[in-house]
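Here's the structure we're looking at; comments come further down.
The values are calculated or read from the model by the stated rules, or taken from the named source; none is laboratory data. Keep in mind that what you see is a predicted model, and the values were worked out from it rather than measured. Here the Cβ positions follow ideal geometry from the backbone for every residue, glycine too, while neighbour counts run over all protein chains shown. Calculation scope for accessible area: heavy atoms of the full protein, side chains included, ligands and nucleic acids excluded. Shrake-Rupley method; radii C 1.70, N 1.55, O 1.52, S 1.80 Å.
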Amino acid sequence: RNVVRGGVMPIATPVASPSRLGCAVRYTHRGHPSSLCGQKLSRPKHRARHVPARHALMASSSAPELGTLGTLDPAVVAHGVLHVHTPLLRSQPMSDLLGKEVYIKLDALQPSGSFKLRGIGYACQKAVRDGSTSLTSSSGGNAGLATAFAGNFLNVPTTVVVPTTTPEFIRKRLSSLNAKVVVFGDQWSVANERAIALNQENNGKLIHPFDDPDAWTGHATVVHEVVCDLRKLGVLGREGSSGEEEEERATSTEVGMEDEGTPLRQEIPNTTLSRDLNPAGSKKIGAFVTCVGGGGLLAGILQGLGEVGLEDTPVIAAETDGCDSMARSLQRGKCVTLPGITSVAKSLGAASPSPRVFQMCMPKYGAANKNLVRPVVVSDKDAIEACLRFADDHRILVEPACGAALSVVYSGHESLKDVDGVIVVQVCGGAIIDRKTLHAYAVHFGIE
């Protein structure tokens, strides 16, 4: 087992061929390129180096396994990925409430605070691999935090342009990740125009908050992890992988490098529960519940389900009233633009969904298409109540945007009535929340 001793944590990496996938050892001194950039390190070579725990990206228990990185370009992630393999837990309260098996995918535990690190981290790695020397984001929310985290880890200058409405604590958090914070305009569209201009001056990569196919490919890894973990639990069958492969994967990880870059292997038992609770793997994923704003996460989930052969799995896409651009667009059969964002779930605040994601959803929308994409609109109050209930049930704070998805389960929404199989809820997280803010929402909506 990996044990933190003296404030340091060994970084471990699953072994793959031909590339090493997972998190490789990273030298943390500023000014030296990270191995994740795909560049040669300029420090002397070391054996199995330990880095301070505060800099450790992932330990063996959370390093992505073989088969969970989907269609990420091996050349981009040869030295590792920025996101972690987050826990998939069976929710007893939700399962009891619905009378169905409910599993929660805890992407609230990603290092940047939300699922965004999956796709944006990969997009940043790819940009740096392709020669970008700087990164620019126009998001004062979770996308900006993910970009700042990636830029800081990759040692690449990063600028985040935020509107004046961005809370001061978020600006400070961005600065703590060594991002240059530029405050410009009173809304995202104005800040985005400034970000575009700055990025052109810097000859860098503009990281879009949600409309980027590279990011969708990164987000798709959440589905691969869910399938991997459900197979470990025996909920799904294990087609496509042998017992020997799984055993090797469970007992061997890479904790460092030999002098010439050869993987240094160490036998470490996998502590993930692997009892075969359902040997026949007779259950299936009955539905995937998520929230949707601009559509990046939804696109990633749809892509991931297709990659694992589960494209006929219904996806419930939840929004709050006042941020429901995707639901309105699907109902009208064309992309619509909201006159304004009136919901407290600001992370869902895309006035119009990505046209490309909309086109992905239309062939799956409606009874004629088996209702494979099911838009659900909930109230702000329902979303906040779900956040509070989730905090009580699972001791985790999430944003109202995530609360929209949780509300689908807690309310027993009709979109789940015909679901046959386990329900997976993507707990996307969100860093723009704290106890004080959640309490203020509760008081505002009269929730005790």
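Side notes on the structure shown:
- Qualifying residue in the stretch 326-334 (condition: at pLDDT 90 or above, closer than 19 Å to Thr217 by Cα, part of a helix (DSSP H, G or I) and not small (Gly, Ala, Ser)): no
- Ser415, sole failed condition from (1) in contact (Cβ under 8 Å) with a residue 12 or more places away in the chain; (2) open to solvent by 10 Å² or more (accessible area, probe 1.4 Å); (3) assigned to a loop (DSSP other than H, G, I, E, B): (3)
- Residue match in the stretch 379-389 (condition: open to solvent by less than 50 Å² (accessible area, probe 1.4 Å), within 19 Å of Thr86 (Cα to Cα) and not in a helix (DSSP H, G or I)): no
- Qualifying positions in the stretch 133-156 - surrounded by fewer than 24 Cβ atoms within 10 Å (Cβ to Cβ) and modelled with pLDDT under 95: Thr133
- Failed item, numbered, when Ala197 is tested on (1) on the phi < 0 side of the Ramachandran plot; (2) surrounded by fewer than 19 Cβ atoms within 10 Å (Cβ to Cβ); (3) touching a residue at least 40 places away in the same chain (Cβ under 8 Å): (3)
- Each residue in the stretch 109-126 was checked for being among the small types (Gly, Ala, Ser) and open to solvent by less than 10 Å² (accessible area, probe 1.4 Å), and 4 pass.
- Subset of the stretch 88-108 [of a type in the set (Lys, Arg) and under 19 Å from Cys428 (Cβ atoms)]: Arg90, Lys105
- Meets criteria (open to solvent by 20 Å² or more (accessible area, probe 1.4 Å) and in contact with a Gly (Cβ under 6 Å, 6 or more places away or on another chain)) for Phe210: yes
- Taken as a whole, the condition of being touching a Lys or Arg at 6+ places or on another chain (Cβ under 8 Å) and either more than 25 Å from Val84 (Cβ to Cβ) or in a helix (DSSP H, G or I) (or both) does not apply to Val344.
- Residues in the stretch 167-178 that are open to solvent by 10 Å² or more (accessible area, probe 1.4 Å) and in contact with a helix residue (DSSP H, G or I) (Cβ under 9 Å, 6 or more places away or on another chain): Pro167, Arg173, Ser175, Ser176, Leu177, Asn178.
- Residue within the stretch 394-405 that is among the basic types (Lys, Arg), crowded, with 22+ Cβ neighbours inside 10 Å and either touching a residue at least 40 places away in the same chain (Cβ under 8 Å) or on the phi > 0 side of the Ramachandran plot (or both) present: no
- Which numbered condition Ser352 misses (of (1) in a loop (DSSP other than H, G, I, E, B); (2) small (Gly, Ala, Ser); (3) open to solvent by less than 10 Å² (accessible area, probe 1.4 Å)): (3)
- Looking only at the stretch 127-183, and only at residues there that are more than 23 Å from Val344 (Cβ to Cβ), β-branched (Val, Ile, Thr) and assigned to a loop (DSSP other than H, G, I, E, B), the one that is farthest from the chain's Cα centre (by Cα): Thr133
- For the stretch 95-105, filtered to residues that are open to solvent by 10 Å² or more (accessible area, probe 1.4 Å) and outside any helix (DSSP H, G or I), the residue that is nearest to Ala146 (Cα to Cα) is Tyr103.
- Subset of the stretch 327-349 that is in contact with a helix residue (DSSP H, G or I) (Cβ under 9 Å, 6 or more places away or on another chain) and under 15 Å from Asn371 (Cα atoms) - its residue that is least open to solvent (accessible area, probe 1.4 Å): Leu330
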